[in-house]
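Worksheet: the structure to be examined is printed underneath.
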Amino acid sequence: MQHISHLHSRTQSKEFSIPFVVIFSLTFLVFFVIAVVAQGLMLNWRSWFPGAENSRTIIGGVRAAVYTLMSQLTQE
């Protein structure tokens, strides 16, 4: 019985992780495009995204901004 409940919890966590990964990936892509365009135009894009203010790289800043946004979306 314990084995069955363990399998159920693992399956349930995979169901919830797929939408999270999709939302994370799409948000990362959108933020990355905005950051690259803004960087090319010599704009200070890091101040636009919460969590990216102290980052040194574009990838690091975008990742921090997406994690900050996702933590706000997943709060109960």
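Side notes on the structure shown:
- Segment Q75-S17, extension gain: residue separation times 0.36 nm, minus the distance between their alpha carbons: 19.4 nm
- Distance (nanometres) between label positions extended 7 Å along Cα→Cβ at L43 and I59: 2.4
- Base-10 log of normalised Debye intensity for the range 16-75 (one unit scatterer per alpha-carbon) at q = 0.17, 0.30 Å⁻¹: -0.52, -1.27
Taken together, the values in this text are just the output of simple stated rules run on the coordinates, not laboratory data. Here the structure is a predicted model, which means the values were calculated and not measured. Every residue, glycine among them, receives a Cβ derived from its backbone with ideal geometry; neighbour counts consider all protein chains shown.
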